[in-house]
Amino acid sequence: MGRRGALIVFEGCDRAGKTTQCKMLVDALNKRNIRAEYMNFPDRSTAIGKIISDYLTKKIELPDKAVHLLFSANRWELEPIIRNKLASGVSLIVDRYSYSGVAFSAAKKGMDLKWCWNPEIGLPEPDAVLLLNLKEEVSSKRGGFGQERYEVSDFQRKVKSNYISLKTPLWQFIDADKTVEDLHQEILSTFNTIYKNSNGKPIQVL
Ligand code: DGP
Ligand code: NA
Ligand code: NA
């Protein structure tokens with residue numbers, strides 16, 4: 001049997017370029033015959049994901065704690081798939097994960113990091129978390145900012161400070177204020193190191 005896949009999570013405030021970079025990384029790896037797939041959270045295509053999507057686009061209102069548990073349940077509904085793919089050798093490039101869950105929810109009044117972290121306990125732990133770091137003045141000028149529920153400058157500042165509280169040795173901060181191609185090259189070489197180092201190590205849990 002070959003090696004397991006690596007689990008790499010991308011985090012960052014809205015409009016930092018995560019989705020673009022995740023997809024470019026998957027394409028680059030597949031071209032190099034490294035099996036890799038893109039995943040994103042929230043996954044709006046599932047039954048739970050549809051409720052989350054309606055909430056984010058402000059079609060419905062829900063209490064903050066209920067929404068938090070839905071986001072978490074959305075990760076748990078895909079947990080068996082994550083485990084199976086990794087075991088079969090596919091690396092997963094994940095666009096947001098539990099850290100978004102906690103950083104965004106805990107930015108709300110009456111919510112704290114510890115309460116928010118609880119439902120994430122037991123999910124597969126990533127081999128690395130790459131935080132695409134972009135100054136708020138730059139990200140807020142990128143297209144589309146401001147259309148969804150959390151895309152407000154004050155809120156994004158709280159999210160950023162929560163990310164800093166969640167940082168562990170698995171995290172790498174990457175300066176995202178550069179061209180798409182330069183950022184891609186940096187991420188590709190970061191991936192190579194993570195991929196080598198994760199070989200033979202069992203997946204841990206959060
Ligand atoms: P995206 O599709 O990546 O733009 O993410 C949608 C929005 O939802 C974005 O503002 C970040 C936020 N978000 C992502 N995951 C979670 C989560 O688990 N909990 C909360 N409260 N917000 C989240
Ligand atoms: Na967004
Ligand atoms: Na995204």
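Return one number: the angle in degrees, 0 to 90 and rounded to the nearest 10, between the long axis of the Cα atoms of helix 47-56 and the longest principal axis of the Cα atoms of the chain.
With both axes taken from Cα atoms, the answer is about 50 degrees.
Using 1/(1 + (r/R0)^6) with R0 = 41 angstrom and r between the beta carbons of LEU62 and ARG35, what's the FRET efficiency to the nearest 0.05? Let's see the in-between values first.
Numbers: r = 37 Å, r/R0 = 0.91.
Between LEU62 and ARG35 the formula returns 0.65.
Mind ordering 93-104, 67-78, 167-178 by average Cβ neighbours within 10 Å, highest first? Display every interim value, and only then the final one.
Values: 93-104: 24.6, 67-78: 19.6, 167-178: 14.0.
Most protected by this proxy first, the peptides run 93-104, 67-78, 167-178.
Residues of region 1-148: accessible area per residue at 1.4 Å, in Å²? Before the final figure, lay out the partial values.
Values: 6520 Å² over 148 residues.
That works out to 44 Å² per residue.
In square nanometres, what is one fourth of the surface area of the convex hull spanned by the alpha carbons of region 103-206?
Working: hull surface 31.4 nm².
Taking the Cα atoms of region 103-206, their convex hull projects to 7.9 nm² on average.
For the chain, what value does the Rg/Rh ratio take when both radii are computed over Cα atoms and Rh is the Kirkwood radius, given to two decimals?
On the Cα set of the chain, Rg over Rh gives 0.95.
As a test of the formula, what do you get for the chain when each DSSP H run with n ≥ 4 contributes -39,500 (n - 2.57) and the sum is divided by the residue count, at 222 nm and rounded to the nearest 500 deg cm²/dmol? Walk me through the intermediate numbers first.
On the way: 8 runs with 98 residues, N = 206.
That calculation yields -15000 deg cm²/dmol at 222 nm.
Got the relative contact order for region 80-206 handy, in percent, Cα pairs under 8 Å and 6 or more residues apart? Provide the component values of the computation, followed by the final result.
Numbers: 98 pairs, mean separation 44.3, N = 127.
For region 80-206, the relative contact order is 35 percent.
Could you tell me which of CYS116, TYR163, HIS184 has its Cα farthest along the dipole of region 64-206 towards the positive end, charges placed at Cβ (Lys, Arg +1; Asp, Glu -1), taken about the Cα centre?
Comparing the listed Cα positions along the dipole, CYS116 ranks first.
What does the charge dipole of the chain about its Cα centre add up to, to the nearest 20 debye, if the Cβ of each Lys and Arg holds +1 and the Cβ of each Asp and Glu holds -1? Before the final figure, lay out the partial values.
Details: 31 positive and 25 negative charges, 53 e Å.
In total the dipole reaches around 260 debye.
With unit charges on the beta carbons (Lys and Arg positive, Asp and Glu negative) and the dipole taken about the Cα centre of the chain, which residue among PRO63, ILE51, VAL205 sits farthest to the positive side?
Of the candidates, VAL205 comes out farthest on the positive side.
When the accessible area of the chain is split by element with a 1.4 Å probe, what percent falls to carbon and sulfur?
Numbers: 5390 of 9890 Å².
Taking all protein chains in place, the chain shows 55 percent carbon and sulfur surface.
The values are calculated or read from the model by the stated rules, or taken from the named source; none is laboratory data. Remember, predicted model here, so these are calculated numbers, not experimental data. Note that we place each Cβ from the backbone using ideal geometry, even for glycine, and neighbour counts take in every protein chain shown. For accessibility, only protein heavy atoms count, side chains too; no ligands or nucleic acids. Shrake-Rupley method; radii C 1.70, N 1.55, O 1.52, S 1.80 Å.
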